[in-house]
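Peer 1: Handing you this structure, nothing more for now.
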Amino acid sequence: MKKTYYLFNPGRLSRKDNTLKFIPVDENGREGQPKFIPVEGVSDLYCFGSLDANSALFNFLGKAGISVHFF
């Protein structure tokens with residue numbers, strides 16, 4: 001069963017070997033521990049904080065059928 005993920009913290013989202021890798025970044029620019037999210041278990045991503053990503057990631061998410069919502 002696929003789940004909806006909510007990203008409230010600012011950070012960097014990237015593709016890492018067919019999974020999603022989210023690295024939170026604090027207000028001083030220091031990176032936290034990366035969190036890995038398996039793509040096959042994601043239905044939607046809701047992003048409330050600032051997010052650093054690239055077009056290759058969005059292409060990958062589109063092919064996987066994952067909708068990304070920005071607020």
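Peer 1: If I take every Cα pair under 8 Å that is 6 or more residues apart in the chain, average their sequence separation and divide by the length, what percent do I get for the relative contact order?
Peer 2: Details: 132 pairs, mean separation 25.3, N = 71.
Relative CO of the chain lands at 36 percent.
Peer 1: If each residue of separation counts as 0.36 nm, what is the full-extension length gain between ASN18 and ASP44 once their alpha-carbon separation is subtracted?
Peer 2: Numbers: separation 26, 0.36 × 26 = 9.36 nm, distance 1.60 nm.
The span from ASN18 to ASP44 would gain 7.8 nm if fully extended.
Peer 1: May I ask for the equivalent-ellipsoid semi-axes of the chain, computed as the square root of five times each C-alpha gyration tensor eigenvalue and listed largest first in whole Å? Provide the component values of the computation, followed by the final result.
Peer 2: Working: eigenvalues 75, 31, 27 Å².
Value: 19, 13, 12 Å, ordered largest first.
Peer 1: With +1 on each Lys and Arg Cβ and -1 on each Asp and Glu Cβ, and nothing else charged, work out how big the dipole of the chain is about its Cα centre, in Debye to the nearest 20. Please report the intermediate quantities before stating the final value.
Peer 2: Working: 9 positive and 7 negative charges, 44 e Å.
Dipole magnitude for the chain comes out near 220 debye.
Peer 1: Find which of PHE71, PHE58, VAL25 sits farthest along the positive direction of the dipole of the range 23-71, computed with +1 on the beta-carbon of Lys and Arg, -1 on that of Asp and Glu, about the Cα centre.
Peer 2: PHE58
Peer 1: If you don't mind, another one. Find the accessible area per residue for the chain; the probe is 1.4 Å, ligands and nucleic acids are left out, and the unit is Å².
Peer 2: Values: 4730 Å² over 71 residues.
Averaged over the residues of the chain, the accessible area is 67 Å².
Peer 1: How many percent of the accessible area of the chain is carbon or sulfur, using a 1.4 Å probe? Spell out each step's value before the answer.
Peer 2: On the way: 2400 of 4730 Å².
In the chain, the share of accessible area belonging to carbon and sulfur is 51 percent.
Peer 1: In nm, give the distance between the simple-model label positions of LYS35 and SER67, each being 7 Å from the Cα along the Cα-to-Cβ direction.
Peer 2: So the label points at LYS35 and SER67 sit 2.1 nm apart.
Peer 1: Which ³J(HN,Hα) values in Hz, rounded to whole numbers, follow from the phi angles of the range 52-66 under the Karplus curve 6.51 cos²θ - 1.76 cosθ + 1.60, where θ = phi - 60° and Gly and Pro get x?
Peer 2: Karplus-based 3J(HN,Hα) across the range 52-66 equals 9, 8, 10, 5, 5, 5, 5, 5, 4, 5, x, 5, 7, x, 9 Hz.
The values are calculated or read from the model by the stated rules, or taken from the named source; none is laboratory data. For clarity, every value in this text was computed on a predicted model and none was experimentally measured. Backbone-built Cβ (ideal geometry, glycine too); neighbour counts: all protein chains shown. Protein only, heavy atoms only, side chains kept; ligands, DNA and RNA dropped before computing areas. Shrake-Rupley method; radii C 1.70, N 1.55, O 1.52, S 1.80 Å.
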